[in-house]
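The values are calculated or read from the model by the stated rules, or taken from the named source; none is laboratory data. None of these values were measured; they are calculated from a predicted model. Using ideal geometry, Cβ is built from the backbone for each residue, glycine included, and neighbour counts are taken over all protein chains shown. Remember, those area values only see protein heavy atoms, side chains included, never the ligands or the DNA or RNA. Shrake-Rupley method; radii C 1.70, N 1.55, O 1.52, S 1.80 Å.
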Amino acid sequence: MTEVLRSAITGVGAYLPPDVVTNEALSKIVDTTDEWITERTGIRRRHRAADDQAVSDLAVEAARKALEAAGKTPADVDLIVVATTTADLTFPATAAIVQRKLGCPVGIAFDVQAVCSGFVYALTVADGFVARGNSQCCLVIGAETMTRLMDWTDRGTCVLFGDGAGAVVLEPVAGQGANTDKGLISFALRCDGTKQDLLYVDGGPSTTGTVGKLRMAGNQVFKHAVINISESIEAALEKAGLTIADVDWFIPHQANQRILHGVANRLGLDENKVIQTVADHANTSAASIPLAFSAAVDDGRIKPGDLLLMEAMGGGLTWGACLVRL
Ligand code: ACO
């Protein structure tokens, strides 16, 4: 039988900056309440990076933990893909800065920009290298300092986001191409650029020359979320020849508890299989899936051999889902 190479996740790690901001603390700076935020979103607190912490610093911490979990060192890394929407600098790529800070050898390093869908996009991009034998040890990192993009006078957005980073190590593993083999099995990615105005940042290097602030028509994004996410999940499952009943753990992008419930209900997924960290992390954009993943590996829920379903939706609008056998 022909051997099939897959990108297997061999280590997971995460980092949250120590400063925790509660809903109560936010109610002192904008017209909001703990009750409103908790009821509408499920968020209770979020982490905020210190003024002297760049997004690459968060990424490096998460990457070190993922490498340790995989039994690897920075010297082994030949590819770094960072999913971020809050880069240290306009250029170089944050991945290049992470490579330098970790002390990895010269290799491939670049960023992927798909906002909250960034981690799912980055995993599938990295798979293009690893599953073709062009990388032996790859870091895929989702890292964000979303609090830097907030308009702190806009209560409709500033209460929703937080900072953090999560990382995985990908290595090529040979198998028979079966659904029981380790690695990334299938994915479905989408972008509908006509919905840009629903969620965007109002600045950039080639328009305003400023960083800008996040703008969101939250209730309209919400309306698209459950339908879009469910469609991409069904497409990824169909490609793999699997059903929702085969999924051991659902690791969704953590934007809003109500979206997580809505998707689980629509797909008939057992709520006990949904990894939920939105209460403690808020929306950390590209970092939220690997942060949730790492939490559930650390507490022993997710184990080798489990089938993982990851999904996200964010600015673009972008969305997507992927299936991974751990
Ligand atoms: N505190 C108190 N009241 C508030 C707050 C707040 N923090 N924010 C908004 N409100 C008010 C509004 O002003 C409005 O008041 P009005 O009726 O007097 O005008 C009322 O609450 C209802 O506002 P809505 O925006 O309709 O509230 P909704 O129930 O839709 O919840 C939310 C808002 C939480 C943003 C929700 O729409 C949501 O989660 N949307 C999806 C977000 C998402 O998934 N984003 C994608 C990823 S993010 C990325 O890619 C970067």
Which condition number in (1) among the polar types (S, T, N, Q); (2) away from the ligand (no atom under 16 Å from the Cβ); (3) open to solvent by less than 10 Å² (accessible area, probe 1.4 Å) is the one that T124 fails?
(3)
Name the residues in the stretch 268-295 that are surrounded by fewer than 21 Cβ atoms within 10 Å (Cβ to Cβ) and away from the ligand (no atom under 16 Å from the Cβ), would you?
G268, L269, D270, E271, N272, K273, D280
Kindly evaluate A312 against the criterion of being within 19 Å of F187 (Cα to Cα), in the same structural domain as H224 (by TED's automatic domain parsing) and free of Cβ contacts under 8 Å to residues at least 40 places away in the same chain.
no
Go through D111, D88 for me and flag whichever is open to solvent by 10 Å² or more (accessible area, probe 1.4 Å), more than 24 Å from V278 (Cβ to Cβ) and assigned to a strand (DSSP E or B).
D111
Quick one: what pairs do we get from the stretch 10-23, first residue of a type in the set (D, E, K, R), second open to solvent by 50 Å² or more (accessible area, probe 1.4 Å), C-beta under 6 Å, 6+ apart or different chains?
D19/R48
In the stretch 35-73, anything more than 16 Å from the ligand (Cβ to nearest atom), assigned to a loop (DSSP other than H, G, I, E, B) and crowded, with 22+ Cβ neighbours inside 10 Å is listed as A49
Please go through the stretch 296-321 and pick out each residue that is more than 16 Å from the ligand (Cβ to nearest atom) and in contact with a helix residue (DSSP H, G or I) (Cβ under 7 Å, 6 or more places away or on another chain).
I302, L307, L309
Count of residues meeting criterion [more than 16 Å from the ligand (Cβ to nearest atom) and under 19 Å from the mean Cα position of the chain (by Cα)] in the stretch 224-246:
1
Scan the stretch 298-326 for residues that are β-branched (V, I, T) and buried (at least 24 other Cβ atoms within 10 Å of the Cβ) and report the count.
2
Is it the case that the stretch 216-223 has a residue that's within 16 Å of the ligand (Cβ to nearest atom) and closer than 24 Å to I141 by Cα?
no
Hey, T124 hits all of (1) assigned to a strand (DSSP E or B); (2) touching a Leu at 6+ places or on another chain (Cβ under 8 Å) but one; which does it fall short on?
(1)
